[in-house]
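Structure, as structure tokens:
The values are calculated or read from the model by the stated rules, or taken from the named source; none is laboratory data. All values reported here derive from a predicted model rather than from experimental measurement. Here Cβ is always computed from backbone atoms with ideal geometry, including for glycine, and neighbour counts include all displayed protein chains.
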Amino acid sequence: MKTDEQVRKALQLLEALSAAKGQRVDVQAVCASLDLDEAELDSCLNLISNLADRETGARAVVDRSNNEVVLHGDAGRLQTLRLDISEGMALAAALRDLHIGKEAADRLRRGLLPLDWTPDEGSSQLAGGVAFGPWFPVLREALEDGVRCSLTYRTQGEREARARIVDPAAIETRADAAYLLAWDVEKDAERRYRLDRIADVQLTEDSAERHPYRGESTADSLARTGERVVLAMDAGTAAGIDWDGALPPEPDVHNPEEVRVTVYVGSRPWLFDQVLASGGHMRIVEPQEAADAFLTYARSLLQ
Amino acid sequence: MPSRSTEREDAAQRLLNLVFTLSCATMPLTTEQIVSDTDLGYGSDNRASDLRKFRRDREELARQGILITEVRPEGTPETDPGRWAIDRERTFAAGGIVTADDADLLVHAIDDYLSVPGNPLARPLSSVRRKLVAAGMTTDTLSADGGEGPTDGKASSLSPMLDAVWTSYALRLALPIAYRDARGNLIKRTVSIYGLFSLDGRTYFTGLDDHTNTVRTFRIDRVERAWRPKGSYVIPPDFNIRDHLFLPFDFSRNEAMAARFTLPDSTPREEALAIGGGRGSLKHDDEHACWTWDVEVRDLRAAAAFALAHARSGLRPVQPKALVDCWCELVKEAIARHENR
């Protein structure tokens, strides 16, 4: 390691030891956390063990045994440092993307960021890829405090958002979006709500209740509750499908140039849009009623 | 002749000694006390050299976030030698400013934020989370194994390439890499990284590519090797990573052309932004009571398909006419496929 890297890692190790319960950490965990191999860890421990002050007689005492590193006494304890520029940039991006309220964000910046550095508020160099929406902090508060909420939300296909009473359970993320897993009190059922489609959240006076969440994957949920539709398409188009509710393609016994893909869908409009976007490469074959509904939907777009 | 490794270790020891000694000192230390102290790592025969070393050490520790400043207690004559202490306010996190609710919110928000696959901020935000917990600002505690809670292990499972790219970007030092493109060509190039983003679970970085002398975007999982970053650079002030978030209609050699789409008035702004990925320009048209999204496209058919994939949201192309015609054509092709079964 270069000098600055050795110093940085030794300081991080002292921070971790100072804050840990009993001032002891597991060797493997701290190596993983600080991205050190065992030789580098021993190098840091060697540097720390040599710390001594002749005037006060203080000395840092650290040792490694039984897969643990332990900091003894108070002399070696290190108060947590402010964030460095790299961490500050990441924090600034996260505060912006998560819509953390101005007052809380200001306190976090004043308490944590380097005092001489101001993150560029218009910083346009980092993008996290998923929108958490402006109601994320309120939802987080509702989750922490176990509060029932009134959620104004527009389901796909609905023209207007409408209010519903929900008990929040968790924030879930996927590559394309962040969702609130919650219980719709009126429907008495589990639902997922895209955070960027939530128009309003109000905390109620009531506490959220415990509910029997299934804890199943999206694919399993769709297979259980979704509508079964069979599509015909060429193998190349089938290879590009990564939908949660899609099963592996099967040969089409009637047409060797095509395969059949069975899909479980929660929204017909969503499926119809994917078929439209394929520009004729996909065809709904079962049920016939779904194919007929698709034609009605597609024709309506041209009107 | 001491090895470079020994010199590096000696330098690291001296820097840590300085921090430790100043932390333990009951009052600021004079310059003389520091530069004449052999235990600290100074005290050579050459005082001028030790003074330069002390100055460079302060600069290095400042880069690490530890600020050593000269203090002059009130009433001290100007002729008195300088005294040095750690500036605690600027060095250490101020727990008294951040409330426990703030810290709890941030810790859990970071956990949610980092659960998005491919997030380029995983390493630095994991470090932020660890510091929040270590500073005792949050009700979360570090476990006995030093684990960080829900993000435990996430930092360690990161691609070393992401670490290399992030470090290069944070230090503003150009990164030499061996990159295999989509056609399978392996080319060595040096990239001055301007920004990072994640898209559909993958992490990308954008920057000035010395091989093409243009701003290009690269996928981190296609970097086969990275060397030590070197050569400082400045990010152009007008650079915006969102201009480089690609959508399906970007993959063509055609010239970019201006396109306009509309969305219904009832669409929440966040949802409208999410559909376009922050690309282009989203405005509310009060006269026509709708959102308009202006963006450059290179592939008209792909742009039409993109609009159809979001048809249920009310996304419709309105300009140019060729795009609208393409959109209608795709719908007719799909109808024909179903009518001619």
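Data for the structure
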quantity	calculated
Given (1) exposed (fewer than 13 other Cβ atoms within 10 Å of the Cβ); (2) outside any loop (DSSP other than H, G, I, E, B), index of the condition B:L15 fails	(1)
The one condition in (1) part of a loop (DSSP other than H, G, I, E, B); (2) modelled with pLDDT of 90 or more; (3) surrounded by 21 or more Cβ atoms within 10 Å (Cβ to Cβ) that A:G133 fails to fulfil	(2)
Cross-chain or 6+ apart pairs with Cβ under 9 Å, the stretch A:24-37 first and of a type in the set (K, R), then part of a helix (DSSP H, G or I)	A:R24/A:L17
The stretch B:53-66, subset under 15 Å from A:I85 (Cβ atoms) and touching a strand residue (DSSP E or B) at 6+ places or on another chain (Cβ under 7 Å), residue surrounded by the most Cβ atoms within 10 Å (Cβ to Cβ)	B:I66
Subset of the stretch B:221-236 that is away from chain A (no Cβ under 14 Å) and surrounded by 19 or more Cβ atoms within 10 Å (Cβ to Cβ) - its residue that is farthest from B:V295 (Cα to Cα)	B:A226
Conditions (1) touching a helix residue (DSSP H, G or I) at 6+ places or on another chain (Cβ under 9 Å); (2) in contact (Cβ under 8 Å) with a residue 24 or more places away in the chain; (3) more than 28 Å from A:V30 (Cα to Cα): number failed by A:D116	(2)
Residue in the stretch B:237-258 that is among the small types (G, A, S) and crowded, with 21+ Cβ neighbours inside 10 Å present	no
Among (1) more than 14 Å from chain A (Cβ to nearest Cβ); (2) under 17 Å from A:L81 (Cβ atoms), the one test that B:T69 misses	(1)
Residue in the stretch B:63-76 that is part of a strand (DSSP E or B), farther than 26 Å from A:R107 by Cα, among the β-branched types (V, I, T) and under 37 Å from the mean Cα position of the chain (by Cα) present	yes
Some residue of the stretch A:158-181 being within 25 Å of B:L132 (Cα to Cα), of a type in the set (V, I, T) and touching a residue at least 12 places away in the same chain (Cβ under 8 Å)	yes
Top-ranked residue in the stretch A:225-240 [being under 29 Å from the mean Cα position of the chain (by Cα), surrounded by fewer than 18 Cβ atoms within 10 Å (Cβ to Cβ) and more than 13 Å from chain B (Cβ to nearest Cβ); ranked as nearest to B:E329 (Cα to Cα)]	A:A239
Of residues in the stretch B:163-192 being over 21 Å from A:A127 (Cβ atoms) and touching a Ser or Thr at 6+ places or on another chain (Cβ under 7 Å), the one surrounded by the most Cβ atoms within 10 Å (Cβ to Cβ)	B:A174
In the stretch A:251-303, the residues that are among the β-branched types (V, I, T) and touching a residue at least 12 places away in the same chain (Cβ under 8 Å)	A:V259, A:V261, A:T262, A:V263, A:V265, A:V275, A:I284, A:V285
Conditions (1) among the small types (G, A, S); (2) modelled with pLDDT of 90 or more; (3) in the same structural domain as A:D196 (by TED's automatic domain parsing); number of the one not met by A:A60	(3)
Residues located in the stretch B:207-220, provided they are more than 14 Å from every other protein chain (Cβ to nearest Cβ) and outside any loop (DSSP other than H, G, I, E, B)	B:D209, B:T214, B:R216, B:F218
Qualifying residue in the stretch A:247-265 (condition: in contact with a Lys or Arg (Cβ under 6 Å, 6 or more places away or on another chain), within 10 Å of another protein chain (Cβ to nearest Cβ) and at pLDDT below 95)	no
Residue within the stretch A:143-156 that is assigned by TED's automatic domain parsing to the domain that holds A:D97, surrounded by fewer than 20 Cβ atoms within 10 Å (Cβ to Cβ) and in contact with a Gly (Cβ under 9 Å, 6 or more places away or on another chain) present	no
Some residue of the stretch B:18-41 being at positive phi and not in a helix (DSSP H, G or I)	yes
In the stretch A:131-161, residue nearest to A:D196 (Cα to Cα) [restricted to those that are basic (K, R) and within 11 Å of chain B (Cβ to nearest Cβ)]	A:R154
Residue within the stretch B:78-100 that is more than 10 Å from every other protein chain (Cβ to nearest Cβ), within 30 Å of A:A104 (Cβ to Cβ), in a helix (DSSP H, G or I) and of a type in the set (A, V, I, L, M, F, W, C) present	yes
Top-ranked residue of the stretch A:101-130 - restricted to ones that are within 24 Å of B:I241 (Cα to Cα) and at the interface with another protein chain (Cβ under 7 Å from one of its Cβ atoms), ranked as surrounded by the most Cβ atoms within 10 Å (Cβ to Cβ)	A:V130
Pick from the stretch B:282-341, criterion over 25 Å from A:T296 (Cβ atoms) and of a type in the set (F, W, Y), ranking: nearest to the chain's Cα centre (by Cα)	B:W293
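Yes or no, residue by residue, for (1) modelled with pLDDT under 95; (2) surrounded by 19 or more Cβ atoms within 10 Å (Cβ to Cβ); (3) out of contact with any helix residue (DSSP H, G or I) (no Cβ under 9 Å at 6 or more places or on another chain); (4) basic (K, R):
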site	(1), (2), (3), (4)
B:D286	yes, no, yes, no
B:W291	no, yes, no, no
B:A305	no, yes, no, no
B:K321	no, no, yes, yes
B:C326	no, yes, no, no
B:V331	no, yes, no, no
B:E339	yes, no, no, no
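Here is a yes/no grid of residues against (1) of a type in the set (D, E); (2) free of Cβ contacts under 8 Å to residues at least 24 places away in the same chain:
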residue	(1), (2)
B:L173	no, no
B:Y179	no, no
B:N185	no, yes
B:T190	no, no
B:L208	no, no
B:T212	no, yes
B:D221	yes, no
